[in-house]
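Values in this text are rule-based calculations from the coordinates and carry no lab data. Only a predicted model underlies this, so the values are computations on that prediction, with no experimental measurement involved. Here Cβ is always computed from backbone atoms with ideal geometry, including for glycine, and neighbour counts include all displayed protein chains.
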Amino acid sequence: MPPTDASTEADTDPAARVAPGSGPDTGTRTHTGSDPGAATDCEDTLDLRLPDDLIALFARGTERPGDAAAEAGEPWGFADAGVGGVGDPWAGDSGAGGGDLLDRVGGWGPVTTGVGVFQLVPVRPDRDAPLVSRWMNDPAVAAFWELEGPESVVEKHLRPQVDGDGRSVPCLGVLDGVPMSYWEIYRADLDPLARHYPARPHDTGIHLLIGAVADRGRGLGSVLLRSVADHVLDKRPSCARVVAEPDLRNTPSVSAFLSAGFRYSAEVDLPDKRAALMVRDRALRDLL
């Protein structure tokens, strides 16, 4: 399993935020219809052609704020409430992000947190590998993720997920329009991790890395972990638990998960680390 990130610090001041991010953990990881029964009898249908000026008016009406942001050189600009719809710059921009195994992470849309508006945006290696690689080359991060080196190292890590069946979706965490963290949302029950704990169907795992040193140790990681875990539970009705397996040596990461409403379940020996199995239960989300 992939490592666990370098600093998901035990966040003492959730309101304090500088710019882009830090975070907790990492793990390892090693679908999709039409209605054939629709009626086809159209004897009463008239073949009418709309005027060109009316068609142009409709076309202008479909332009969205997210598209304008992208044209203005802001590729991570938030789209409006129709996230995931036609014209959304983030809809289906990753093969894994559009898969059914995780209920289409790319279309989950933004969520309002105590530190700003946050959205998971499926990674596109051609666009995002340089940024993720820069974060991975931070010595504090590299100690746990072990993805330091040339950009090709990160590309090799991302590509199987992006081109896979959707059981693991690498994402940028975009906070108030700024990409500041790297996430992996994955099906823990379909991951090698499931061999090391009593997995349940649809268990969903989280790995998190907060990118900027300035954003670590400020409580940001805990706030985002809680928000994302609850977002998973809201968007995946079949999922009863969100799990994580930070490295036991990564005390700030373990502490951040505890502060985010996860419970410490067990210690597990994974191929590349001894990990703390952290669990956020749907049944306990209002109590922790």
Practice item. For an R0 of 22 angstrom, estimate the FRET efficiency from the Cβ-Cβ distance between Tyr264 and Glu146 and round to the nearest 0.05. Key: 0.35
Check your understanding: What full-extension length gain, to one decimal in nm, is calculated for Asp272 and Ala194 as 0.36 nm per residue of separation minus the Cα-Cα distance?
Key -> 26.6 nm
**Study point:** Under the Karplus curve 6.51 cos²θ - 1.76 cosθ + 1.60, θ = phi - 60°, whole-Hz ³J(HN,Hα) for segment 167-184, x wherever Gly or Pro sits
**Key:** 7, 9, 10, x, 9, 8, x, 10, 10, 6, x, 10, x, 9, 7, 10, 10, 10
Point to revise | In order through segment 150-158: 3J(HN,Hα) via Karplus (6.51 cos²θ - 1.76 cosθ + 1.60), integer Hz, x for Gly, Pro | key: x, 4, 4, 5, 5, 4, 5, 6, 6
Exercise for review: Using a Förster distance of 41 angstrom, determine the FRET efficiency expected from the C-beta separation of Asp100 and Thr251, and round it to 0.05.
Suggested key: 0.65
Exercise for review: Would you kindly give the portion of the calculated P(r) for segment 70-284 that falls above 30 Å, as a percent of all Cα pairs?
Suggested key: 15 percent
Study note, to complete from the structure: Proxy exposure order for Ser259, Ser222, Ser238 (fewest C-beta within 10 Å first) is Ser238, Ser259, Ser222
Study note, to complete from the structure: Length gained, Thr112-Asp176, 0.36 nm per residue minus C-alpha separation, equals 22.1 nm
Practice item. For segment 116-223, compute Rh as the Kirkwood radius over C-alpha pairs and then the Stokes-Einstein diffusion coefficient at 10 °C and 1.306 mPa s; write the answer in µm²/s, rounded to an integer. Key: 108 µm²/s
Revision key, fill the gap. Phi-derived 3J(HN,Hα) across segment 232-239 with the Karplus relation (6.51, -1.76, 1.60, θ = phi - 60°), rounded Hz, x for Gly and Pro, is 4, 5, 5, 8, 10, x, 7, 8
